[in-house]
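Visitor: Sharing a structure with you now.
No value in this document is a laboratory result; all are computed from the given coordinates. Fair warning: this is a prediction, and the values are worked out from it, not measured in the lab. Backbone-built Cβ (ideal geometry, glycine too); neighbour counts: all protein chains shown.
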Protein chains: 2
Amino acid sequence: MIDFATHPDQYRHWTLRVDGPIAELILNVDEEGGLKPGYALKLNSYDLGVDIELYDATQRLRFEHPEVGAVLVSSAMDRVFCAGANIAMLGQSSHVEKVNFCKFTNETRFGVEDASENSRQRYIAVIDGTAAGGGYELALATDYIMLVDDGSSAVSLPEVPLLAVLPGTGGLTRVVDKRRVRRDRADFFCTVTEGVRGKRALSWKLVDELVPRSRLRETAMERAVAFADEAGRPEGAQGVELTPLHRTIGDAEVSYNTITIELDREQGAAVFKIRGPESPAPADVAGIHDAGVAFWPLALARDLDDAILHLRANEPEIGTWVLQTEGDGEKVAAYDALLAANSTDWLIREITLYLKRTLKRLDVSSRSLIALIEPGSCFAGTLLELALAADRSYMLEGTFEDSNLPPATVRPTAMNFGPLPMGNGLTRLETRLLDDADALAAVRDEIGADLEAEEAEELGLVTFTPDDIDWEDEVRLAVEERHSFSPDSLTGMEASLRFAGPETLETKIFGRLTAWQNWIFQRPNAVGEEGALKRFGTGKQAAFDRKRV
Amino acid sequence: MIDFATHPDQYRHWTLRVDGPIAELILNVDEEGGLKPGYALKLNSYDLGVDIELYDATQRLRFEHPEVGAVLVSSAMDRVFCAGANIAMLGQSSHVEKVNFCKFTNETRFGVEDASENSRQRYIAVIDGTAAGGGYELALATDYIMLVDDGSSAVSLPEVPLLAVLPGTGGLTRVVDKRRVRRDRADFFCTVTEGVRGKRALSWKLVDELVPRSRLRETAMERAVAFADEAGRPEGAQGVELTPLHRTIGDAEVSYNTITIELDREQGAAVFKIRGPESPAPADVAGIHDAGVAFWPLALARDLDDAILHLRANEPEIGTWVLQTEGDGEKVAAYDALLAANSTDWLIREITLYLKRTLKRLDVSSRSLIALIEPGSCFAGTLLELALAADRSYMLEGTFEDSNLPPATVRPTAMNFGPLPMGNGLTRLETRLLDDADALAAVRDEIGADLEAEEAEELGLVTFTPDDIDWEDEVRLAVEERHSFSPDSLTGMEASLRFAGPETLETKIFGRLTAWQNWIFQRPNAVGEEGALKRFGTGKQAAFDRKRV
């Protein structure tokens, strides 16, 4: 089992140091510390395990260290920043493993950008030596790239010439779309194994600054101090410690404080029961800070984040996630109101951003999402986003004959109108009601209202509203039917239907770039017995089918 | 050899009728008329040959029938509009063939939309019976979809449930992005084999109008008349007949009036020599109309269009296209000036739109494009777009020692600043100099100037400027190197680097949707011996690997 929970005390590959407003993340990969046997993580190359630590560090920096305004990312190895994803690891990985690995590393890099942009924790890459492939892609996710000017330190994306695959962590897209490297220069850059160094790297905008090695440390600290000064991080804030999650992972059930997941292996389905808050929302911001990780929205974000990662990595045959909630919508709305009213508080901001990132993770999970809205559920505000993220939703019209629970309702809150955008930059409601301002205004008018099935359907919030007589059959058929389809075609279909509207760096990377990479990961030119990924390091040349597709 | 040239007299599958301002395109596929043996084109299903006729018809409508303002697309079969791409054909096609087929059909559908939007020839789909898969996708490319309301006529995208592939001609994207069908309804729609009919089809925005069968013909004509009235097509205009191209297709050389292509099979390269105009530009619009298909920009668009299609379909192992021009840049600029000065003339508009579409075809060709700018070349305006479309360009600095030709120059014209946008909606210059208004203004200041290598490089117009001593080696190495890389990784890389900036329906379809489809076309769940595409029609169920990727 791949476990995404870790702690700086357990890191094998990264060192996290915090000194006032400046943090350092130093990469020193333990060659023998791979997640699986069969490959040595030489030259600061990484596997999923290295990235799990990086993700943990970025999360702790946000929650435990509100004082940090700049993060220096560097290497402890001599003349090597990072060699990127380990090639032997890729060569021995299954298709599912490769794709999951790329997805998680991409999400982590977007998290770094989210910290720079929205939390004012700005990342700086300090490159002494070579930053190749995923190594340079890590640098591309930071705000500022420094490169030693010594005639040999270089940045490169050698995947195409060396391995016959694409840089898998957004490198192609970030080079032209984020850093505005001219496309013809990018074309050249991505075909030279040794990469680009010195003045050319700077003038082509591949890096932001060249520094002599003798002044590297000093200059990096100067930049970090300047970034941290600009950042304006909260004064005297107390971090919230991310204590270990309470979870139980079984074969039939996975449970967290706020979520229980039942696995139906026969139908290839996981049924999420997400519990709304039990206690009322704290009265004020101080109450939230006191509650810390016990504060329901933070607990929910952490549990859901881990649950998604766990199921994606460890349960590939569970293709359908059924999303249910239980609890009091009124209470959820009260928590939402607290978040909205205190959005300038650093911790509230972090919690909201974390919810945003976690819901985005759901959007790019290659699983069919079906929301069931039944009596006793609490699809309000933040939890309503789950239903809006679903590929389709079923809401019971009326009540169940054998129950005295009142009819189910959904309730829009301010959280559905801005703080939790999708990767395309729109809210889930905006994506759903694309360019229909009237329909969007009609939902906005109902903020705070408990909407029963008929109203919810009229407003476009739910897909189907069967009554008690049809409910069980309709829901069962939907899940069974999903299980009968080809998982691949569902992945392609869902990726195409979920993101209407504008595109961003993020949707380009998770849509276009990922799809091309997945295709290449299937092609004999890369993964066949004579393919480049298999033959790398054997001394034998890859043999290619020359047909252009 | 697949030939893209045809004529209405030779059509086997379509009937084209023109009656004043209204044209009719009637599909009546000849079951035995497939391009290859091994499949019968039942139920108005199509293969590439059917689509080649459709493309020819849309081109002739634009050039030969300027009086037409509305085009009714219907079927001659009883209760069947079109069953989409023929499944047996797909099942027996190679990966290259499938992908090429989808690319061409996509381009043809974007051409239909271009006619509706920019030529005011609006297409109307008249569906009596079933429009399934590619059949409904054809309707989605029109401006207005009419569906018979008889309890059985339906539109559907059954690819996922039936075949384990995606609708391959933009259906998923057009449903949510063009027609604004809600994503959860789209999810349901794309999973029901029988599709959606009647009131639900209308209220979900899958169609624009329901009509009783008894009134179908009458209502369709009413709509066509109304569209044609609105269209405001030119009064009393004379069409230009698209006479057969002059071309010779040999094993080592392919030649047209304006282009000669040498094939270097050893290096997997095609060297395009594109000739600028020989005679001076006509004095006025009347001269252009008199010249007709001999007018150089139109001749160029036709030759280049056919050459691209020929090489894509028939020469898959020729992975690099080297783009060269020869002639007088001054004359090219004079033609450009004539196009710009008369852009409201219907024929000039059509020629410019055709150049635009042909250059877009180049952008989405999965071939490496290298432009060589040498003495004697004429990379001005419209032809400069070729160099800007290239993945990289080499411009000789100075002269060749053994030649008395003056140094090469490039010349921007107004054609580089708007009339020939890429699929992303930006000009090639805007994409290249992304968000750099100053750099763009600097090029604009040089409109009409002949820029030598140093200036061209400074303005960001060319990639490398070797001199006589380095030229041959550098160019040879670039071509050889390209040939040494995996064709697949080049395709993915180029598709990612060429389209920086905003995304549109078009880049979504050619980028994201196509990449996912290509991936699925490689997956055993679709194309393996037990895959859905192979087993369709055999009576045996497909067997799927259940792992989600």
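Visitor: With only alpha-carbon atoms counted, please give the Rg and Dmax of chain A, in Å.
Guide: 23.9, 78
Visitor: Along Cα-to-Cβ, 7 Å out, sits the label point; list in nm, shortest first, how far the one on A:A76 is from those in the other copies.
Guide: 7.8
Visitor: By how many degrees, 0 to 90 and rounded to 10, does the Cα axis of helix A:216-231 deviate from the longest principal axis of chain A?
Guide: Roughly 30 degrees, rounded to the nearest 10.
Visitor: Still on this model: Please give the contour-minus-distance gain from A:D264 to A:E330: 0.36 nm per residue of separation, less the Cα-Cα distance, rounded to one decimal in nm.
Guide: My answer for the length gained is 20.7 nm.
Visitor: Then there is this: Measuring from label point to label point, each 7 Å out along Cα→Cβ, what is the B:E455 to B:A543 span in nm?
Guide: Modelled inter-label distance: 7.0 nm.
Visitor: Right, here's the next one. Compute the long axis of helix B:95-118 from its Cα atoms, compare it with the longest principal axis of the Cα atoms of chain B, and write down the angle in degrees, 0 to 90, nearest 10.
Guide: On a 0 to 90 degree scale, this one is about 90.
Visitor: For segment A:10-231, what is Rg from Cα atoms divided by 2.2 N^0.38 Å, rounded to two decimals?
Guide: Rg over 2.2 N^0.38 Å, computed on Cα atoms: 0.94.
Visitor: Also: Pull out the extension gain between B:N342 and B:I249, defined as 0.36 nm times the separation in residues minus the alpha carbon to alpha carbon distance; nm, one decimal.
Guide: Gain on extension, B:N342 to B:I249, equals 30.0 nm.
Visitor: OK, next. Compute the label-point distances linking B:E401 to its equivalents in the other copies; points lie 7 Å from Cα along Cα→Cβ; give nm, one decimal, shortest first.
Guide: 9.7
Visitor: Work out the mean other chain Cβ neighbour count within 10 Å for the residues of A:480-487 and drop it here as an integer.
Guide: Average per residue, whole number: 6.
Visitor: Using only Cα atoms, tell me the angle between helix B:487-497 and the longest principal axis of chain B; keep it within 0 to 90° and round to the nearest 10.
Guide: Once rounded, one gets 80 degrees.
Visitor: How high is the FRET efficiency between A:E209 and B:A437 when r is their beta carbon distance and R₀ equals 22 Å, given to the nearest 0.05?
Guide: 0.35
Visitor: Shielding by partners for A:157-166, please: the mean number of other protein chain Cβ atoms within 10 Å of each residue's Cβ.
Guide: 4
Visitor: Once you order the gyration tensor axes a ≥ b ≥ c over the Cα atoms, which shape class does the protein assembly as shown get: rounded for a/c under 1.5, otherwise prolate or oblate by comparing a/b with b/c?
Guide: oblate
Visitor: Here's a follow-up. Quick check on segment A:10-231: of the DSSP beta bridges with both residues there, what percent are antiparallel, nearest 5%?
Guide: Taking every DSSP beta bridge within segment A:10-231, about 25 percent pair in antiparallel fashion.
Visitor: To continue, here is another question. Could you state the number of Å between the C-alpha centres of segment B:113-143 and segment A:1-48?
Guide: If you average the Cα positions of each part, the centres end up 55 Å apart.
Visitor: Let me ask another. Relative contact order (percent) for segment A:248-486, with alpha-carbon contacts under 8 angstrom and 6 or more residues of separation?
Guide: Result for segment A:248-486 is 18 percent.
Visitor: For segment B:440-492 and segment A:64-86, what is the separation of their C-alpha centers, rounded to whole Å?
Guide: Each part reduced to its Cα centre gives a spacing of 36 Å.
Visitor: A further question follows. Please report how far the C-alpha centroid of segment B:510-529 lies from that of segment B:240-285, rounded to the nearest whole angstrom.
Guide: Here the two parts' Cα centres lie 34 Å apart.
Visitor: Take peptide B:507-513, look around each residue's Cβ out to 10 angstrom, count Cβ atoms belonging to other protein chains, and average those counts.
Guide: Other-chain Cβ atoms within 10 Å of each residue's Cβ, averaged: 6.
Visitor: Right, next: Please compute the contact order of chain A in relative form: average sequence separation of alpha-carbon pairs under 8 Å and at least six residues apart, divided by the residue count, as a percent.
Guide: Computed value for chain A: 12 percent relative contact order.
Visitor: May I pose another question? From the square roots a ≥ b ≥ c of the eigenvalues of the alpha-carbon gyration tensor of segment B:206-299, which class results: rounded (a/c under 1.5), prolate (a/b over b/c), or oblate?
Guide: The shape class here is oblate.
Visitor: Hey, for A:Q10 with labels 7 Å out along Cα-Cβ, what do the inter-copy distances come to in nm, ordered shortest first?
Guide: 6.9
Visitor: A further question on this structure: So, by mean Cβ neighbours within 10 angstrom, what's the order for A:121-131, A:188-198 with the highest one leading?
Guide: Ranking the peptides A:121-131, A:188-198 by packing returns A:121-131, A:188-198.
Visitor: Between A:E218 and A:R12, what's the calculated FRET efficiency when r is the beta-carbon distance and R0 is 25 Å? Round to 0.05.
Guide: Given R0 = 25 Å and the Cβ-Cβ separation, E is 0.25.
Visitor: Report, for segment B:78-198, the % of DSSP beta bridges that are antiparallel, rounded to 5.
Guide: About 20 percent, rounded to the nearest 5.
Visitor: I'd like to compare B:524-533, B:380-389: which one has the highest average count of other Cβ atoms within 10 Å, and what's the full order after that?
Guide: Ranking the peptides B:524-533, B:380-389 by packing returns B:380-389, B:524-533.
Visitor: In units of 2.2 N^0.38 Å, what is the alpha-carbon radius of gyration of segment A:438-544?
Guide: Cα-based Rg divided by the globular estimate yields 1.75.
Visitor: If the cut-off is 26 Å between C-alpha atoms, which lysines fall inside it for B:K534, apart from same-chain ones fewer than 8 positions away?
Guide: Leaving aside lysines fewer than 8 places away in the same chain, those within reach of B:K534 are A:K547, B:K36, B:K42, B:K98, B:K103, B:K547.
Visitor: Quote the FRET efficiency, to the nearest 0.05, computed for A:A40 versus A:D78 with a Förster distance R0 of 22 Å and r equal to the Cβ-Cβ distance.
Guide: Once the sixth-power term is evaluated, E becomes 0.80.
Visitor: Order these peptides, A:265-274, A:221-230, by their mean beta-carbon neighbour count within 10 angstrom, highest first.
Guide: A:265-274, A:221-230
Visitor: Using Cα positions and a limit of under 12 Å, work out the aspartates and glutamates in reach of B:K508, with same-chain residues fewer than 8 apart set aside.
Guide: Of all the aspartates and glutamates, those that pass the test against B:K508 - Cα under 12 Å, at least 8 places apart if same chain - are A:E503, B:D177.
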